[in-house]
Amino acid sequence: MTAPCAQPRTHGPGAKDVRVVVVGSGLAGLTAACDLADAGFAVTVLEARSRLGGATFSFQRDGLTVDNGQHVALRCCTAYLALLERLGSADGLDVQDRFRVPVLAPGGRFAELRRADARAPLHLAPAIARYSALRPLDRLRVVRAALALRTLDPDDTALDAVSFGDWLDRHGQNAATRDRLWNLITVAALNGECSQVSLASAAKVFRTALLDSADGADIGIPRWPLEELHVRPAEKYLLERTARVRTHSPVRGITPMRERFLVRMDDEVLDADAVVLAVPPDTALRVSPSRAGLRQWQLSRLGAVPIVNVHVVYERPVTRLPFAAAVSSPIQWMFDRTAAAGLTSGQYLALSLSAAETWLTTPASALRDVFLAELARFFPEAATARCSRFFVTRQRRATFRQGPGSNGLRAAQRTALPGLVLAGSWTATGWPDTMEGAVRSGHRAADLVAAHLAGGVSR
């Protein structure tokens with residue numbers, strides 16, 4: 001299954017003579033490169049680091065294959081799911097038949113959020129009605145707010161100036177509903193608590209995933225490492241289409257030359273008919289020509305928010321849950337990564353901590369004390385099982401800060417220079433900073449490049 005991509009005209013020089021350079025090999029760059037290679041262009045992917053994958057990659061540690069962070073995809077992430085189908089790796093994502101989230105409470109007790117077999121938004125009514133983490137009156141408050149949220153238009157720019165937390169206050173939500181329900185979603189999806197995120201972004205998440213369709217929030221968890229799920233399959237896909245993929249190739253600058261671009265590296269200059277900059281905003285600012293029209297004040301105000309992942313390996317299993325959320329605890333989400341990591345005995349749990357400024361500089365020894373104690377509170381078996389390995393991974397700039405006003409700061413993918421386009425989940429995709437947003441930006445970038453070259457091949 002391939003995404004639509006404008007096709008180049010075939011008169012004049014052949015498409016294979018038209019050179020496109022994609023700078024960056026994250027999901028956005030790999031998606032754009034696949035589209036452009038399928039359109040027949042001569043594609044070169046340049047990656048500064050020694051590995052591909054951008055913000056979604058895997059590495060080896062003590063015999064385990066470890067993802068740099070826990071990533072999930074929902075059924076509403078149609079572009080990402082289609083990319084996996086296209087790359088032949090869809091079997092590596094385990095998608096629920098029906099949305100179900102165990103929500104942990106200390107002592108092994110848990111509540112549950114589970115959708116019913118009904119049309120939206122009625123599919124969530126039983127889940128809220130039975131959600132024992134909230135009192136009955138608070139459950140009614142949630143239903144009322146959810147119905148009001150469903151009427152909001154995420155594309156209304158006025159909503160971007162408003163805090164989701166302020167909106168929840170005006171719709172009768174208290175500390176309990178925030179902590180035990182709303183923040184479960186916003187912290188995971190938007191890397192910020194309700195008070196820290198834009199109402200427009202929150203409306204996009206809740207409407208698209210939970211309120212507008214019955215199956216949109218069904219959760220897909222990688223059963224393969226990210227390296228095998230989309231990084232290596234995308235590289236193979238590109239090489240089979242005669243694209244070039246180069247690591248250790250940092251780009252230092254891009255110079256426009258009439259109807260082409262010079263892409264400057266340390267010891268080499270590439271000539272390109274078009275360039276896709278699929279890099280973070282600070283890199284895009286540094287390497288793009290001033291004529292591209294990128295605004296430093298605008299992109300610098302996007303900021304960044306960290307995610308910290310705590311990795312715990314026990315000598316024996318301590319829970320049968322494949323994943324769970326937690327309330328009233330520093331644990332936010334827990335995932336069983338035993339099989340995906342290649343562990344053959346014991347159990348490997350990954351704890352994903354979003355909006356993690358509190359934990360970013362905390363020493364691993366202190367994190368060990370906190371989170372082993374928390375896991376023992378939730379899982380009695382963890383109190384007696386020996387922890388054989390404990391380590392921490394930190395993504396200091398995991399997402400941009402998706403607070404009020406942030407959508408207005410995101411850059412358009414079309415720059416002021418025809419043939420130079422941006423890609424990345426931080427650009428104006430209409431989606432949060434997610435894998436889905438990255439893939440959609442890659443498709444859009446390829447469409448812009450192909451449309452430009454369709455009119456300019458026979459220059």
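At a glance:
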read-out	value
Among (1) open to solvent by 10 Å² or more (accessible area, probe 1.4 Å); (2) at pLDDT 95 or above; (3) more than 25 Å from the chain's Cα centre (by Cα) - the single one Ala79 does not satisfy	(3)
Test: residue in the range 359-376 that is assigned to a strand (DSSP E or B), at pLDDT 95 or above and closer than 30 Å to Tyr314 by Cα	no
So Arg459, is it modelled with pLDDT under 95, more than 23 Å from Ala284 (Cβ to Cβ) and open to solvent by 30 Å² or more (accessible area, probe 1.4 Å)	yes
Single match in Leu372, Leu420, Leu367 (criterion: more than 30 Å from Thr208 (Cβ to Cβ), in contact (Cβ under 8 Å) with a residue 40 or more places away in the chain and touching a Ser or Thr at 6+ places or on another chain (Cβ under 8 Å))	Leu420
Top-ranked residue in the range 121-169 [being aromatic (Phe, Trp, Tyr) and part of a helix (DSSP H, G or I); ranked as surrounded by the most Cβ atoms within 10 Å (Cβ to Cβ)]	Phe164
Meets criteria (open to solvent by 40 Å² or more (accessible area, probe 1.4 Å) and either touching a residue at least 24 places away in the same chain (Cβ under 8 Å) or touching a Gly at 6+ places or on another chain (Cβ under 7 Å) (or both)) for Ala340	no
Unmet requirement for Thr208, which otherwise passes all of (1) closer than 19 Å to Ala127 by Cα; (2) assigned to a loop (DSSP other than H, G, I, E, B)	(2)
Whichever residue in the range 221-235 is open to solvent by less than 60 Å² (accessible area, probe 1.4 Å) and either assigned to a loop (DSSP other than H, G, I, E, B) or among the hydrophobic types (A, V, I, L, M, F, W, C) (or both) and, among such residues, is farthest from Gln395 (Cα to Cα)	Ala234
Per-region count, the range 364-408, residues within 30 Å of Asp282 (Cα to Cα), surrounded by fewer than 18 Cβ atoms within 10 Å (Cβ to Cβ) and among the hydroxyl-bearing types (Ser, Thr, Tyr)	1
Counted residues, the range 296-331 - those being open to solvent by 40 Å² or more (accessible area, probe 1.4 Å) and in contact (Cβ under 8 Å) with a residue 60 or more places away in the chain	6
Every residue from the range 236-277 that is assigned to a loop (DSSP other than H, G, I, E, B), within 26 Å of the chain's Cα centre (by Cα) and surrounded by fewer than 17 Cβ atoms within 10 Å (Cβ to Cβ)	Thr247, His248, Pro250
Criterion: farther than 22 Å from Ile219 by Cα, open to solvent by less than 10 Å² (accessible area, probe 1.4 Å) and touching a Lys or Arg at 6+ places or on another chain (Cβ under 6 Å) - qualifying residue of Leu30, Leu46	Leu46
In the range 184-201, the residues that are of a type in the set (S, T, N, Q), part of a helix (DSSP H, G or I) and surrounded by 22 or more Cβ atoms within 10 Å (Cβ to Cβ)	Thr186, Ser201
Options Ser441, Ser425: the member that is open to solvent by less than 30 Å² (accessible area, probe 1.4 Å) and in a helix (DSSP H, G or I)	Ser441
Every residue from the range 419-459 that is basic (Lys, Arg) and touching a helix residue (DSSP H, G or I) at 6+ places or on another chain (Cβ under 9 Å)	Arg440, Arg444
Selection status of Thr434, open to solvent by 20 Å² or more (accessible area, probe 1.4 Å), of a type in the set (Ser, Thr, Tyr), closer than 30 Å to Thr208 by Cα and touching a residue at least 40 places away in the same chain (Cβ under 8 Å)	yes
Among (1) free of Cβ contacts under 8 Å to residues at least 40 places away in the same chain; (2) open to solvent by less than 10 Å² (accessible area, probe 1.4 Å); (3) of a type outside the set (Val, Ile, Thr); (4) within 19 Å of Gln332 (Cα to Cα) - the single one Asp218 does not satisfy	(1)
Unmet requirement for Ser354, which otherwise passes all of (1) within 19 Å of the chain's Cα centre (by Cα); (2) open to solvent by 20 Å² or more (accessible area, probe 1.4 Å); (3) under 25 Å from Thr31 (Cβ atoms); (4) among the small types (Gly, Ala, Ser)	(2)
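The values are calculated or read from the model by the stated rules, or taken from the named source; none is laboratory data. Since the structure is predicted, the reported quantities are computational estimates derived from the model, not experimental observations. Neighbour counts are summed over all protein chains in view; Cβ atoms, including those assigned to glycine, are modelled from backbone coordinates with ideal geometry. Surface areas here come from the heavy atoms of the whole protein model, side chains and all, with no ligands, DNA or RNA. Shrake-Rupley method; radii C 1.70, N 1.55, O 1.52, S 1.80 Å.
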